[in-house]
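Here is the structure we will look at, set down as structure tokens.
The values are calculated or read from the model by the stated rules, or taken from the named source; none is laboratory data. None of the values given here were measured: they were computed from a predicted structure. Ideal geometry is used to build each Cβ from the backbone, glycine not excepted, and the neighbour counts take in all protein chains shown.
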Amino acid sequence: MLRSVGRPICAAGALFWAATLNAPAQYTYTTIDVPGSQSTYACGISGSNIVGYYSENGTFQGFLYSGGSYTMLSVPGAASTYAYGISGKNIVGYYLVGGIAHGVLYNGSEYITLSVPGAVATGALGISGNDVVGWYWNGSINQGFLYDGSSYTTLNVPGTDNDTAEGISGNDVVGVYGDGSNYQGFLYDGNSYNTLSVPGAYSTEARDIDANNVVGFCNMGSEQGFLYNGSSYTTFSVAGAINTYAEGISGNDIVGYSDFHSTSSPIIYTEGFLAIPVPEPSTFSLTFIGLIASLRRWTLH
């Protein structure tokens, strides 16, 4: 069974962090589009390496984009393969056999199945070093998990019964919880859960974390990407897109995908993107600009 695209809401014991919403962030965007695909979804980034999946002839296959070229990732015998997270050379995701999801770790040479004991289905979504996070389905609900290379630990926001762990950085895990119609993000630091919620948004989904920066997307009438730096949120959207989904972060670089209307038909297609922040003017530059403005005013007078 595939995990639901949407996620979870109100959780007893989860603490909401007070945060502000800043002006939309400014990025330059590079399209990530597997040649010959109908749609491309960029989901994870580590340095200059990007992973995701693409649709072709009714099936989905994973990809690794590195050095300007695409390499297909496909678990032998699987109907579809989805790549979601990357750390160094290790890639995680899941594959489908008979409609059932199985988590997978690809180390560059072989595919290793990851399966939560007793679970009906498992999906791996994020990786940091040797630690993997994701979701498992026990036959009735989704729950998050953390796998440290030898054992699985359930991650469950108190008071909820539908959770997904999406990304990990060190000891910090981000994910989503909710009731199937209204979702909120969470940050788990190894001891407690805190809710991540973009101010004014109908729902918030936290997808990845790197150091203190969290990315995901929120519904503001349409889906918009967001970056949370520990105290405030900034939102962003790809120009011309119907929806923008931020999925992965490495340093300041963000990957995700956006939906577009076709110019020749009402069909919606999806393209991946790499977003690189536009440098802000340095203090020296701002001071220099202010000095020039002052000189001009003095000259005019």
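Among residues belonging to segment 161-183 that are in contact with a strand residue (DSSP E or B) (Cβ under 8 Å, 6 or more places away or on another chain) and more than 16 Å from TRP135 (Cβ to Cβ), point out the one that is surrounded by the fewest Cβ atoms within 10 Å (Cβ to Cβ).
GLY170
Could you list, in sequence order, the residues of segment 110-161 that are assigned to a strand (DSSP E or B) and among the hydroxyl-bearing types (Ser, Thr, Tyr)?
Residues satisfying the conditions are TYR111, THR113, THR122, SER128, TYR136, TYR147, TYR152, THR153, THR154.
Could you grab the pairs with beta carbons closer than 7 Å, sequence gap of 6+ or different chains, first residue in segment 37-50 and closer than 17 Å to THR244 by Cα, second one at pLDDT 95 or above and outside any strand (DSSP E or B)?
So the pair list comes out as THR40/ASP33; THR40/VAL34.
Suppose we filter GLY144, GLY178, GLY149, GLY167 for residues that are in contact (Cβ under 8 Å) with a residue 60 or more places away in the chain and more than 18 Å from ASN229 (Cβ to Cβ); which single one remains?
GLY178
Can you confirm whether ILE45 is surrounded by fewer than 15 Cβ atoms within 10 Å (Cβ to Cβ), at pLDDT 95 or above, in a strand (DSSP E or B) and of a type outside the set (S, T, N, Q)?
In short, no.
Need the failing condition index for GLY251 against (1) out of contact with any Asp or Glu (no Cβ under 7 Å at 6 or more places or on another chain); (2) in contact (Cβ under 8 Å) with a residue 40 or more places away in the chain; (3) more than 24 Å from TYR94 (Cα to Cα), just the number.
Tallying (1) out of contact with any Asp or Glu (no Cβ under 7 Å at 6 or more places or on another chain); (2) in contact (Cβ under 8 Å) with a residue 40 or more places away in the chain; (3) more than 24 Å from TYR94 (Cα to Cα), GLY251 fails exactly one: (1).
Scan segment 188-221 residue by residue and report those that are surrounded by fewer than 20 Cβ atoms within 10 Å (Cβ to Cβ), under 17 Å from the mean Cα position of the chain (by Cα) and free of Cβ contacts under 8 Å to residues at least 40 places away in the same chain.
Result: ASN212, ASN213, ASN219.
State yes or no: is ILE127 farther than 20 Å from ASP210 by Cα and out of contact with any Pro (no Cβ under 9 Å at 6 or more places or on another chain)?
The answer is no for ILE127.
Consider THR234 carefully, then state whether it is modelled with pLDDT of 95 or more, more than 25 Å from GLU56 (Cβ to Cβ), of a type in the set (Ser, Thr, Tyr) and surrounded by 11 or more Cβ atoms within 10 Å (Cβ to Cβ).
yes
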